[in-house]
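A.B. asks: Handing you this structure, nothing more for now.
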Amino acid sequence: MAIWNDPQPSQTGFGASSRMNAGFSARSQTLDVGLRKHMLSIYNYMTSAVILSGIVALVLSQLVLAGNPAAIGLLTSPLRWVVMLAPLGFVMAMNFGLGRMKTSTLKLLFWGFAFAMGLSLSSILLVYTGTSVALTFFATAGAFAGLSLVGYTTKKDLSGFGSFLIMGLFGLIIASLVGMFFHVPGLAMAISVLGVLIFAGLTAYDTQRLKTMYVQVAGTEYEEKIAVMGALTLYLDFINMFQFLLSFMGDRR
């Protein structure tokens, strides 16, 4: 309760101190409950999006393997560029429109992103065996859960570590571009290993960052929006870690 609502604001001593301590304790408990609910919402959004992407990828890959002309054309015609770039378009729209969009619009874009990612990821099921994809997925899921738990529970400030990882991410992008135009022995393997390590670290960092942000948005109109954007962030950490891990763990068809 705020002090200006206290009928005896000038009271001092044990009674006043007890009420203040009780007030801080109650507020802390409320924040803890709200934080758990908020993080659960983020994980629910993220998990649902991963499942949606997986279903879309599986359906499209099966249609391609069955010889469906429309499905084959989607991945081999110029439309494949739309499939590849659509997820990036959704991410940019969500980031730049966050302040102006309604929460319902942001959610719609989030599900559209998950669907588009499923179309894009379908090629993975055409390149790698189903068994290796499944094993890599569960390995990634276990690692992600452990790393996210570390980020949620650690008392160590990971902000400096996060800055280092983001710099590493830019280096990874540059190395990937170099690998596209020049053949450098061992570069692909190095990129895959570094990619796994970078996104593993980002999983813990982003989890802590989302936990910290809750205090700023709790009870505001942005709380649900941040939950959706948090799910997008963790989704990208998970999928990138999965893809890099699959590149050296997966068995090709």
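A.B. asks: Quick one, what does Rg over Rh come out to for the chain if you take C-alpha atoms and the Kirkwood Rh?
C.D. replies: Taking Rg over the Kirkwood Rh, I get 1.09.
A.B. asks: Note down the nm distance, to one decimal, between modelled labels 7 Å out along Cα→Cβ at residue 222 and at residue 189.
C.D. replies: 4.6 nm
A.B. asks: So if I take the centroid of the Cα atoms in region 43-115 and the same for region 180-207, what is the distance between those two points in Å?
C.D. replies: About 23 Å separates the Cα centre of region 43-115 from the one of region 180-207.
A.B. asks: Can you give me the angle between helix 222-249 and the longest principal axis of the chain, using Cα atoms only, in degrees from 0 to 90, rounded to the nearest 10?
C.D. replies: The two axes meet at around 40 degrees.
A.B. asks: Quick one: putting +1 on the C-beta of Lys and Arg, -1 on the C-beta of Asp and Glu, what dipole do you get for region 15-249 around its Cα centre, in Debye to the nearest 20?
C.D. replies: Using only the charged Cβ atoms, the result is roughly 460 debye.
A.B. asks: In addition: List the residues, sorted by chain then number, that are 5 or more residues from residue 128 or on another chain and whose placed amide H is less than 5 Å from its amide H.
C.D. replies: It is 253, by chain and number.
A.B. asks: Also, I was wondering about something else. Angle, helix 79-96 long axis vs. longest principal axis of the chain, Cα atoms, 0 to 90°, nearest 10?
C.D. replies: Taking Cα atoms only, the helix is inclined about 10 degrees.
A.B. asks: Same structure again: Which of the pairs 156/225; 37/211; 37/156; 107/225; 155/211 have their Cα atoms more than 19 Å apart in this structure?
C.D. replies: 156/225; 37/156
A.B. asks: Can you give the angle from 0 to 90° between the axis of helix 103-127 and the longest principal axis of the chain, with both taken from C-alpha atoms, to the nearest 10?
C.D. replies: 30 degrees
Only the coordinates and a few stated rules stand behind these numbers; no lab work does. Every value quoted in this text rests on a predicted model; they were computed, and no experiment measured them. With ideal geometry, Cβ positions are generated from the backbone for all residues, glycine too; neighbour counts draw on all protein chains shown.
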